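Undergrad: This structure is in structure tokens; I'll ask about it shortly.
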Amino acid sequence: MATAYIALGSNLGDRKKNLTTALFHLVREPRIILEKLSSFIETKPYGVTDQPDFLNGCCRIWTDLSPRQLLTALQAIEDKMGRVRTRRWGERIIDLDILLYDDITVNDPDLVIPHPDMKNRAFVLEPLKEIAPDLTAKL
Ligand code: ROI
């Protein structure tokens, strides 16, 4: 089993319900165990700032899916929830990003692990610190 960290974000519609629905789908995945969940925090948009505030959180999972299979599973959840891909870094009802997957490095065009910008993102670091303080100290 691998340990992975997933960032969750939403800034459209009922944001809390969106995060909860995504987690509901996640726990129903046969090869994923949701092991720890952070609080949800309200954050100002980073990157593209002319969009609504986000609700963010993160979780730790155990999984025997490969990083690529995990990405596919997360994208399937986003699609099932009706995510529409508009502008880059634009508003979205749900965003599920792989932050870390054991000590594995992936450098594919569509998947980079560890998440390349996570150290700059307070909306990732704050919930991550809550569930994995030792890990964030080493980043
Ligand atoms: N900003 C915040 N605060 N939260 C996010 O989840 C988030 N996601 C993104 C961009 C647009 C980079 N900014 C964000 O993808």
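Undergrad: Quick check: net charge around ARG87, other residues with Cβ under 15 Å of its Cβ, Lys/Arg +1 and Asp/Glu -1?
TA: +1
Undergrad: Could I ask something else about it? Rg and Dmax of the chain, Cα atoms, in Å?
TA: 13.9, 40
Undergrad: Still on this structure, I have one more. If you plug each phi of region 51-60 into the Karplus form 6.51 cos²θ - 1.76 cosθ + 1.60 with θ = phi - 60°, what whole-Hz ³J(HN,Hα) values come out, in order, with x for Gly and Pro?
TA: 8, x, 4, 9, 10, 10, x, 8, 9, 10
Undergrad: Assuming a ≥ b ≥ c are the square roots of the Cα gyration tensor eigenvalues, decide whether region 73-119 counts as rounded (a/c under 1.5), prolate (otherwise, with a/b larger than b/c) or oblate.
TA: Note, shape of region 73-119 comes out prolate.
Undergrad: If I model a spin label at GLU35 and ASN120 as a point 7 Å from the Cα along the Cα→Cβ vector, what separation in nanometres do I get?
TA: Result for the modelled spin labels: 3.0 nm.
Undergrad: Same structure again: What is the dipole size for region 61-139, taken about its Cα centre, with +1 at each Lys and Arg Cβ and -1 at each Asp and Glu Cβ, in debye to the nearest 20?
TA: 340
Undergrad: May I pose another question? Using the Karplus curve 6.51 cos²θ - 1.76 cosθ + 1.60 with θ = phi - 60°, work out ³J(HN,Hα) for each residue of region 19-29 in order, rounded to whole Hz, and write x for Gly and Pro.
TA: Karplus values, whole Hz, x for Gly and Pro: 5, 5, 5, 4, 5, 4, 5, 4, 5, 7, 5.
Undergrad: What nm distance separates the two modelled labels at MET1 and ASP108, each placed 7 Å from Cα along Cα→Cβ?
TA: Between MET1 and ASP108, the simple spin-label model gives 2.4 nm.
Undergrad: Sort 83-95, 61-73 by the packing proxy (mean of other Cβ within 10 Å over each peptide's residues), most packed first.
TA: Result, highest mean first: 61-73, 83-95.
Undergrad: Right, here's the next one. Let me know the number of lysine pairs in the chain closer than 16 Å at the Cα, not counting same-chain pairs under 8 apart.
TA: Here the count comes out as 6.
A short reminder: the numbers here are calculations on the coordinates, not readings from a lab. Since the structure is predicted, the reported quantities are computational estimates derived from the model, not experimental observations. Here the Cβ is made from the backbone with ideal geometry for all residues, glycine too, and neighbour counts use every protein chain on show.
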